[in-house]
Amino acid sequence: MPYAIAIASDHAGYALKAQLADDLRAAGHDVIDLGANDATTSVDYPDFGRACGEAVASGRARFGVVVCGSGIGISIAANRVPGARCALVHDNLSARLARRHNDANIIALGARLLGIETARDALAAFLATPFEGGRHAARVLKLA
């Protein structure tokens, strides 16, 4: 099913973000690219994490993807937006669990830590996995 997906990165994550955005477009998704726009101009990851968090929390996008060097800083920034549930993932399993158990609506990736194939696999798993609900629903409500 195609979704509106917000995607953002800092300069360190730009190349991985650009590749994933192309993949998402090729799969038929509506990609909302929130920047950064190149890998050479130094920018601040909190600005881009917040922008993605706001796009998802407002309903402008169903899901979000954020990328910085480690994925850590930009995930913290996205999670400061009420309604954003950003999970830093490192592989297919962590991506699936983020959706299944935590109803994560944003995936964070570390461009300096993951290769493109691992990132693609994690993103595909994230988008394909539904929230399990059940015992996890009450826990997710506590996150709000």
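What residue, among those in the stretch 84-93 that are closer than 13 Å to LEU114 by Cα and out of contact with any Asp or Glu (no Cβ under 9 Å at 6 or more places or on another chain), is surrounded by the most Cβ atoms within 10 Å (Cβ to Cβ)? Full working, then the answer.
Here is the first cut: in the stretch 84-93, the residues closer than 13 Å to LEU114 by Cα are 88-92.
Still in the list and also out of contact with any Asp or Glu (no Cβ under 9 Å at 6 or more places or on another chain): 88-90.
Numbers: LEU88: 23, VAL89: 27, HIS90: 16.
The extreme case among them is VAL89.
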When SER70 is evaluated against the numbered criteria (1) within 18 Å of ALA125 (Cβ to Cβ); (2) touching a strand residue (DSSP E or B) at 6+ places or on another chain (Cβ under 7 Å), which criterion, by number, is the only one it fails? (1)
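So that you can scan it fast, the table gives a plain yes or no per residue for (1) aromatic (Phe, Trp, Tyr); (2) touching a residue at least 24 places away in the same chain (Cβ under 8 Å):
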residue	(1), (2)
ALA26	no, no
GLY35	no, yes
THR40	no, yes
PHE48	yes, yes
ALA55	no, yes
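Taking the condition β-branched (Val, Ile, Thr) and either closer than 19 Å to GLY115 by Cβ or touching a residue at least 40 places away in the same chain (Cβ under 8 Å) (or both), does ILE74 pass?
For ILE74, the condition - β-branched (Val, Ile, Thr) and either closer than 19 Å to GLY115 by Cβ or touching a residue at least 40 places away in the same chain (Cβ under 8 Å) (or both) - is met.
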Look through ALA108, ALA36, ALA21 and report the one residue that is in contact with a strand residue (DSSP E or B) (Cβ under 7 Å, 6 or more places away or on another chain), under 30 Å from ARG135 (Cα atoms) and either buried (at least 18 other Cβ atoms within 10 Å of the Cβ) or of a type in the set (Lys, Arg) (or both). ALA108
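Residue by residue, here is whether (1) out of contact with any His (no Cβ under 8 Å at 6 or more places or on another chain); (2) closer than 16 Å to ALA12 by Cβ; (3) crowded, with 24+ Cβ neighbours inside 10 Å; (4) not small (Gly, Ala, Ser) holds:
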{"site": "ASP44", "(1), (2), (3), (4)": "yes, yes, no, yes"}
{"site": "VAL56", "(1), (2), (3), (4)": "yes, no, yes, yes"}
{"site": "ALA61", "(1), (2), (3), (4)": "yes, no, yes, no"}
{"site": "PRO82", "(1), (2), (3), (4)": "yes, no, no, yes"}
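Residue by residue through the stretch 113-137, note down the ones that are exposed (fewer than 14 other Cβ atoms within 10 Å of the Cβ) and assigned to a loop (DSSP other than H, G, I, E, B).
Residues of the stretch 113-137 that are exposed (fewer than 14 other Cβ atoms within 10 Å of the Cβ), as a first pass: 115-117, 128, 130, 133-135, 137.
Listed by number, the residues that qualify are GLY115, PRO130, GLY133, GLY134.
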Got a sec? Which strands (runs of 3 or more DSSP E) wholly within the stretch 1-112 have at least 2 residues that are under 30 Å from ALA138 (Cβ atoms)? 4-9, 63-68, 86-88, 106-110
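Just so you know, all these numbers are worked out from the coordinates, no wet-lab data involved. Please read all numbers here as calculations on a predicted model, not as lab measurements. Methodologically, a virtual Cβ is constructed for each residue, glycine included, from the backbone with ideal geometry; neighbour enumeration extends over all protein chains shown.
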